[in-house]
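For reference, the structure is listed below as structure tokens.
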Amino acid sequence: MNQAELSHGNPAGVTPLGHEVYQIDTRMAGYRQITAGYLIRADRPCLVETGTAPSAPVVRDALASLGVGPGDLATVVVTHIHLDHAGGVGDIATMFPAAEIVVHQRGARHLADPTRLMNSAREVYGSALEVFFGELKPTPAERIRAVEERGSVDLGGGRSLDSHYSPGHAKHHVGLIDSASGDLYVGDAAGVFIQETRDLRPASPPPDFDLPVALDSLRLFAALAPTRLLFSHFGPVDDVAPTLERSAEELNVWVEETRHARAALDLEHTVAMVRERTRHRYASLAPGADPEISTKAERISSTRANVEGIVHWLDKTEPNPH
């Protein structure tokens, strides 16, 4: 199936983006446009992000509709091991037995043995874990390739997907740039993009958020001079430099608002204050906004999780005298 055929009759949830790149809506927890996976249909086909475990059949069917069967997928790369990005790795590895799994070295052991990761997730999400993320299955260690500061995935035909260590959101996070298209897969390092309103919200959850490191990662992304940003949440953005600048601005604003609120308030009140003092920044939260979009924005960029991550970082770097 060629790109022209796809653009006129593409399967549900699959969007051609040019350069043989296809966005896949993984339909996390049944929602539309929350988490994207991307197929690079090169000589050696590569999937970037799997979505959650319950999303694995959705991704498998999308790949099949693009002519990529169980023996065709060469590589699966995840930007980091949070369950909305990598929860389906074990299932996808089983469905596509020829695929190598590429991840930063700090995340590799958790894909081979997810016990600790899943136990931590259960403590945070409780009974909601199964609904939203499912169970990350183990991936055979011999199929996992760990990358460090830099790494490269051979896409065939002289094309490569090059990884760049980009912590700040998570210690196991990488950005990925396509040598042919110039696309930069930003994972969560540049925040969360809401397509319908073009809002850009931060992604600063505990325990790894670190403001200076996160800002360094954004500067690294700018230095790579990508032609387009591909957000895992959600979709492509062409305005690269202004978007990265906005990402940095959002982080700085949220940290300053959290620092101010935290000085005199407990966590619950800090979250409430930051929510109130930042809502004017987002069309998705404006009066009269579509409630489904408002709910989605909060689902993928939770005010509470963002504030908790910032407070965790502040507690380490700026102990609260109160």
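The values are calculated or read from the model by the stated rules, or taken from the named source; none is laboratory data. On a predicted model such as this, the values are computed, not experimentally measured, just so you know. Here Cβ is always computed from backbone atoms with ideal geometry, including for glycine, and neighbour counts include all displayed protein chains. Accessible surface areas use protein heavy atoms only, side chains included; no ligands, DNA or RNA. Shrake-Rupley method; radii C 1.70, N 1.55, O 1.52, S 1.80 Å.
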Within the stretch 24-45, residues touching a strand residue (DSSP E or B) at 6+ places or on another chain (Cβ under 6 Å) and open to solvent by less than 10 Å² (accessible area, probe 1.4 Å) come out as Ile24, Thr26, Ala36, Gly37, Tyr38, Leu39, Ile40
Those residues of the stretch 301-310 which are crowded, with 22+ Cβ neighbours inside 10 Å and assigned to a helix (DSSP H, G or I) amount to Asn306, Val307, Gly309, Ile310
Residue count, the stretch 226-251, condition exposed (fewer than 14 other Cβ atoms within 10 Å of the Cβ) and in contact (Cβ under 8 Å) with a residue 40 or more places away in the chain, comes to 1
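Residues checked against (1) closer than 16 Å to Val89 by Cα; (2) not basic (Lys, Arg):
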{"site": "Thr15", "(1), (2)": "no, yes"}
{"site": "Glu20", "(1), (2)": "no, yes"}
{"site": "Arg32", "(1), (2)": "no, no"}
{"site": "Cys46", "(1), (2)": "yes, yes"}
{"site": "Pro70", "(1), (2)": "yes, yes"}
Being under 25 Å from Ser160 (Cβ atoms) and assigned to a helix (DSSP H, G or I) narrows Leu47, Leu63 down to just Leu63
Restricting attention to the stretch 94-129, the residues that are of a type outside the set (Ser, Thr, Tyr), assigned to a helix (DSSP H, G or I) and under 19 Å from the mean Cα position of the chain (by Cα) number exactly 11
Only one of (1) outside any strand (DSSP E or B); (2) small (Gly, Ala, Ser); (3) more than 13 Å from the chain's Cα centre (by Cα) does not apply to Ser160, and that is (1)
* Taking the stated definitions as given, is Gly90 open to solvent by less than 50 Å² (accessible area, probe 1.4 Å), farther than 23 Å from Gly191 by Cβ and assigned to a helix (DSSP H, G or I)? -> yes
From the option list Gly88, Gly69, single residue qualifying as in contact with a helix residue (DSSP H, G or I) (Cβ under 7 Å, 6 or more places away or on another chain), under 24 Å from Val21 (Cβ atoms) and at pLDDT 95 or above is Gly88
Checked the stretch 122-148 for anything open to solvent by less than 70 Å² (accessible area, probe 1.4 Å), of a type in the set (A, V, I, L, M, F, W, C) and touching a Pro at 6+ places or on another chain (Cβ under 9 Å); matches are Phe132, Phe133, Leu136
Just one listed residue, out of Val77, Val48, Val59, is crowded, with 24+ Cβ neighbours inside 10 Å, of a type in the set (A, V, I, L, M) and in contact with a Gly (Cβ under 6 Å, 6 or more places away or on another chain), and it is Val59
Of the residues in the stretch 194-223, those that are among the β-branched types (Val, Ile, Thr) and closer than 23 Å to Leu285 by Cβ come to Ile194, Thr197
Within the stretch 201-217, can one find any residue that is surrounded by 24 or more Cβ atoms within 10 Å (Cβ to Cβ) and assigned to a strand (DSSP E or B)? yes
Q | Boolean, Glu257 is in contact with a Lys or Arg (Cβ under 7 Å, 6 or more places away or on another chain) and part of a helix (DSSP H, G or I) | A | yes
>> Condition check: at pLDDT 95 or above, in contact with a strand residue (DSSP E or B) (Cβ under 8 Å, 6 or more places away or on another chain) and β-branched (Val, Ile, Thr). Does Thr258 satisfy that?
In response: no
Original post:
Just to be sure, is Asp154 free of Cβ contacts under 8 Å to residues at least 40 places away in the same chain, assigned to a strand (DSSP E or B) and of a type in the set (Asp, Glu)?
Top reply: no
Taking the stretch 162-197 and the residues there that are over 30 Å from Asp315 (Cβ atoms) and modelled with pLDDT under 95, the one that is surrounded by the fewest Cβ atoms within 10 Å (Cβ to Cβ) would be Glu196
